[in-house]
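Notes follow the structure.
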Amino acid sequence: MSLNWTIKEYESVESTQDILKEYASNGASEGLVIVGEEQKSGRGRHGNVWDAPKGNLYMSLLLKPNCPAAVAGQYSFIIAVALSDAISSFIDDVHIKKLKWPNDVLIKDKKCAGILLESELSVDGIVSDLYVGVGVNILSPPEDKIGISDVSKGDVTVQSFLKEFLGKIEYYIKIYNKNGFSDISELWMSQAYKLEEEIKVRLPNKVIYGVFEGIDSDGTLLLRLDNGEVQAITAGEVYF
Ligand code: BTN
């Protein structure tokens, strides 16, 4: 199956996620992409605000995976791998780029891009609509963040990046549909930030430390604690 992209561009929006959901509730097809030149109320994971001035990419993409909720989390890794590959097309040294669990792209240890997955479940717990929100700093990174143009080998624009990125999403979804999660997970792990190193994870009620061992078949983070036990972490924020 190949995805048919329908791209709708807006000058200024509150959040591209909300516009996408509105279209989805009116029966939009898979492959709809909402792009906002700027967002007034962009949101990130854990209820964080996502700064969204003009000059960066803010997009929300509609997918219809029809899979159980636990499996839908794998899409954040598919998108992260696609995002990473798209960024590679614009930079010389791919080693300055890393993937931080679960779905940030870092360049020179600073955040360049983030992914927010939201979903609509049908009564039987199947994800019917997946709203994939992606923010990529390109020309106007907020303070303490980095933009692709800070490290690019030539010109990069929001439009040129979007085109490259959509091509990569299509490519990696095909790989996933053909081979399952293992290839994606391997690619993600090969670029993982702080793999085999000590990390700190903030859970809703406590902070824990351990060695980042990798991800399992659902994309769950595996943390080796001091006592040797491996703890599986499905949701949390990772610090270093
Ligand atoms: C994160 O790292 O916390 C995820 C950030 C996701 C931001 C994007 S920008 C486009 C889409 N619309 C939003 O309001 N958020 C996502």
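The values are calculated or read from the model by the stated rules, or taken from the named source; none is laboratory data. No experiment lies behind these values; they were computed from the predicted model shown. For neighbour counting, all protein chains shown are included, and Cβ atoms are generated from backbone atoms with ideal geometry for every residue, glycine included.
Given the criterion of a type in the set (Gly, Ala, Ser), at pLDDT below 95 and in contact with a Phe, Trp or Tyr (Cβ under 9 Å, 6 or more places away or on another chain), identify the matching residue among Gly154, Gly133, Gly125, Gly114.
On the way: Gly133 fails: at pLDDT below 95; Gly125 fails: in contact with a Phe, Trp or Tyr (Cβ under 9 Å, 6 or more places away or on another chain); Gly114 fails: at pLDDT below 95.
Going through Gly154, Gly133, Gly125, Gly114 in turn, just one is of a type in the set (Gly, Ala, Ser), at pLDDT below 95 and in contact with a Phe, Trp or Tyr (Cβ under 9 Å, 6 or more places away or on another chain): Gly154.
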Collect the residues in the stretch 99-121 that are among the charged types (D, E, K, R), over 11 Å from Asn137 (Cβ atoms) and surrounded by fewer than 19 Cβ atoms within 10 Å (Cβ to Cβ), keeping them in residue-number order.
Lys108, Asp109, Glu118, Glu120
For the stretch 187-210, state whether one or more residues are in contact (Cβ under 8 Å) with a residue 60 or more places away in the chain, under 30 Å from Ser2 (Cβ atoms) and in a helix (DSSP H, G or I).
yes
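Please verify whether the stretch 7-21 includes one or more residues that are free of Cβ contacts under 8 Å to residues at least 24 places away in the same chain and either within 13 Å of the ligand (Cβ to nearest atom) or closer than 20 Å to Ile173 by Cα (or both). Full working, then the answer.
To start, the set of residues in the stretch 7-21 that are free of Cβ contacts under 8 Å to residues at least 24 places away in the same chain comprises 18.
If we keep only those that are either within 13 Å of the ligand (Cβ to nearest atom) or closer than 20 Å to Ile173 by Cα (or both) too, we end up with 18.
The answer is yes; a qualifying residue exists.
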Of all the strands (runs of 3 or more DSSP E) wholly in the stretch 1-84, which have at least 3 residues that are over 16 Å from the mean Cα position of the chain (by Cα) and buried (at least 16 other Cβ atoms within 10 Å of the Cβ)?
32-39
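Any residue at all in the stretch 169-184 that's among the polar types (S, T, N, Q), in a strand (DSSP E or B) and at pLDDT 95 or above?
no
What do you reckon, is Ser41 of a type in the set (Ser, Thr, Tyr), within 16 Å of the ligand (Cβ to nearest atom) and under 22 Å from Asp144 (Cβ atoms)? Steps first, please.
Details: of a type in the set (Ser, Thr, Tyr): yes; within 16 Å of the ligand (Cβ to nearest atom): yes; under 22 Å from Asp144 (Cβ atoms): yes.
In short, yes.
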Which of the residues belonging to the stretch 58-74 are within 8 Å of the ligand (Cβ to nearest atom) and closer than 24 Å to Ser2 by Cβ?
Met59, Ser60
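For the subset of the stretch 116-129 comprising residues that are in contact (Cβ under 8 Å) with a residue 60 or more places away in the chain and within 13 Å of the ligand (Cβ to nearest atom), which member is farthest from Ser76 (Cα to Cα)?
Applying the first criterion (in contact (Cβ under 8 Å) with a residue 60 or more places away in the chain) to the stretch 116-129 yields 116, 118, 120, 126-129.
Next cut, within 13 Å of the ligand (Cβ to nearest atom) only: 116, 118.
Values: Leu116: 8, Glu118: 10 Å.
The extreme case among them is Glu118.
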Residues of the stretch 22-38 being hydrophobic (A, V, I, L, M, F, W, C) and away from the ligand (no atom under 13 Å from the Cβ), which ones?
Ala24, Ala28, Leu32
